[in-house]
Amino acid sequence: MYFPYFVTYIVVGLLLGLITFGWALHSGQFRDQQRARFLPLVRSETPAATSKFGRLETYVLMGMACIGLLISAFTLIYSLLRG
Amino acid sequence: MMMATFMGLLGATELIAPDLSGNLSWIVFGRVRPIHVNLVLFGFVTPGLLGAAFYFLPRLLDTDLYSEGLGRVSVIVWNLILVCIVLSLAAGYSQGREYAEMIWPVDMLIVIVFTLIFFNFIMTVAQRREPLLYVSVWYACAAIVLTGLTYCLGNVIWRPDSGALVGIPDAILLWFYGHNIFGLLLTPLSLGVAYYVIPRVCRSPLYSHTLSLVGFWSLILVYTHIGTHHLLQVPVPTWLKVIATVDSVGMVIPVMVVLINLWYTAKGRLGEIHADIGGKFVFTGTILYFFVSIQGSMMALPQVQRITHFNNWVIAHSHVGVLGFAGMIALGGIYYILPRAVGKPLYSRYLADFQYWLVLIGVVGFTVVLTIAGLIQGNAWFNGETIYRVLPEIHMYYIVRASLGLIIFVAAVLGFYNIVRTIFGRPAETVVVEGSPTRELLAGSESGLAHQESGLAHQEVAS
Ligand code: HEM
Ligand code: HEM
């Protein structure tokens, strides 16, 4: 007998949805939409600059990434030849 | 992401060489796969997106987070859960239902952590100084409430021993939950982040807030019903299949509403997006959202699914969705927020860019390879070919998939290094922000925007 779970869930979900929607409607969430468009821009944030990157580190990291890529390329070619 | 992708890579390698793990029961494919899936979901994508939500919520509501302490407790519990997930699944303690494998104690921890987060979010909303709720706030709160509820139901937490009902009702319940992990957790959290990051990066207001609310409510209305599209080949009641199929196709509406809104916001400002690595990840995520959703709507058609079901086609779809859409946006959120949250510059933009390309190449490659493999499998099965003939045919694709997986794993390692170096790096050098946008802009007019843009144009980074 699985209906009770489903029915309870549907009723709870529906009620939650309707109550929230009703609240949104009454508290003016659908008004003043022009102002709402700007909300993400209100607070200013400090943009952080990009830091310097050591040359040695660049080489080591690039080397590591290239090894990874080479292994991938190798398996790819190998599989295509043997596949 | 590193651990999770490594598990994926291990699983992919085992699909090529099934004897790889020998007698080591902890790492057989049947255990590695759920660890991979649950780690990407709960260890990488969801916490990445939630971190962003914790950042933008107080800013959009013009208040402080209700409780930093509660937030820290949530983080600790969350990480404890991850350890439990890996250990319990590796040790073979599993309830054996896809996406709901975790045993009851872990389930309970997950329910508790969602409750804590919900409480923190809703109290932050309650104490807000900004009366209007921006669409990202709607998405973030809805994701937490709906996931909390569906998690309890889908994991049948009132039956601690089995965590399941029996027979078809269990499958319906499971997939109702399983789909909602993507539809009501990852999707709304990702869209919330996109709706915050894209206007900020583009320095332009959202194209239409009304449209965004239409998108939100239509998603709530439609997405909640489509779990059964995972069961179209199963004897579940036909009316459920009809609802699932119709609503899956109907998903085109919320998806396109969101995308039109976001893309129009970014119209003419792709340069700004390109200049901000966070924005670049997020914007790419929105493009992949388009692909995964349109593909999804087609996969929900029974005729199409006769070929695409139960094979690698679906795995391709999963990776476009979870990695290409939600994962990309999670990474974008991390890169956008991290430097601002820790007050230090991103260690290396170059590395982040490199990671971006590796992930993109990886996910597109996955899509191509797995889709081809899926079509071979699907058609073979449809034509009654035996599995022993088909497996060798797709062997090569499995090898290519694993190679591409290696690229994604490398990307994860580079990202980890970049993030760690950022956190422990030197603080930002002096940054001067002139004419920063203020409340007066909220007059809401286009002239307000023009004023703000000129302010931002003066923003200079003095090093
Ligand atoms: C962070 C990036 C990743 C995400 C978000 C992700 C997500 C997922 C998801 C959601 C599934 C379940 C698919 C389904 O049941 O339909 C899955 C399965 C899988 N993924 Fe990943 N994945 C990622 C990276 C990788 C990588 C790098 C590999 C390595 C090759 C990989 C290999 C696999 C394998 C082998 C499976 C099981 C497929 C099967 O059962 O046939 N994944 N992944
Ligand atoms: C309009 C939107 C979407 C629709 C209509 C849709 C449709 C579908 C359908 C019909 C399946 C089942 C395929 C089968 O088993 O034959 C499926 C599987 C899946 N979808 Fe989607 N999808 C959508 C968006 C997404 C998004 C955004 C994500 C990720 C965040 C996602 C992740 C997945 C995953 C991981 C599976 C595999 C489940 C499994 O069998 O393990 N989907 N989708």
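The values are calculated or read from the model by the stated rules, or taken from the named source; none is laboratory data. Keep in mind that this is a model prediction, so the values were computed, not measured. Cβ: placed from backbone, ideal geometry, glycine included. Neighbour counts: every protein chain shown.
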For B:T150, are the conditions met, namely being more than 16 Å from the chain's Cα centre (by Cα) and crowded, with 24+ Cβ neighbours inside 10 Å?
-> yes
Taking the condition buried (at least 18 other Cβ atoms within 10 Å of the Cβ), more than 30 Å from B:P427 (Cβ to Cβ) and of a type in the set (A, V, I, L, M, F, W, C), does B:V410 pass?
-> no
Every residue from the stretch B:243-287 that is free of Cβ contacts under 8 Å to residues at least 12 places away in the same chain and within 17 Å of the chain's Cα centre (by Cα) = B:I287
Filter result (within 23 Å of the chain's Cα centre (by Cα), at negative phi and touching a residue at least 60 places away in the same chain (Cβ under 8 Å)) within the stretch B:85-99 = B:V86, B:R97, B:E98
Within the bounds of the stretch B:51-69, is there any residue that is surrounded by fewer than 19 Cβ atoms within 10 Å (Cβ to Cβ), away from ligand 1 (no atom under 16 Å from the Cβ), more than 30 Å from A:G28 (Cα to Cα) and over 23 Å from the mean Cα position of the chain (by Cα)?
-> yes
If you take the residues of the stretch B:194-210 that are closer than 22 Å to B:F54 by Cα and not in a helix (DSSP H, G or I), which of them is nearest to the chain's Cα centre (by Cα)?
-> B:L206
What about B:V252, is it surrounded by fewer than 19 Cβ atoms within 10 Å (Cβ to Cβ) and within 11 Å of chain A (Cβ to nearest Cβ)?
-> no
So the helices (runs of 4 or more DSSP H) completely within chain A holding 2 or more residues that are modelled with pLDDT of 75 or more and farther than 30 Å from B:C152 by Cα are A:33-36, A:55-82
Output the number of the condition that B:K267 fails; it satisfies all remaining conditions of (1) crowded, with 22+ Cβ neighbours inside 10 Å; (2) farther than 28 Å from A:I10 by Cβ.
-> (1)
Whichever residue in the stretch B:341-366 is free of Cβ contacts under 8 Å to residues at least 60 places away in the same chain and within 11 Å of chain A (Cβ to nearest Cβ) and, among such residues, is nearest to ligand 1 (Cβ to nearest atom) | B:G362
Criterion (within 16 Å of ligand 1 (Cβ to nearest atom) and in a helix (DSSP H, G or I)) met by exactly one of B:L191, B:L213, B:L219, B:L185 = B:L185
Taking only the stretch B:50-90 into account, find how many residues are part of a helix (DSSP H, G or I) and of a type in the set (D, E).
-> 1
Which ranges mark the helices (runs of 4 or more DSSP H) fully within the stretch B:228-292 that have 1 or more residues being under 23 Å from B:Y335 (Cα atoms)?
-> B:252-266, B:270-275
Residue by residue through the stretch B:121-132, note down the ones that are more than 21 Å from the chain's Cα centre (by Cα) and closer than 15 Å to B:V75 by Cβ.
-> none
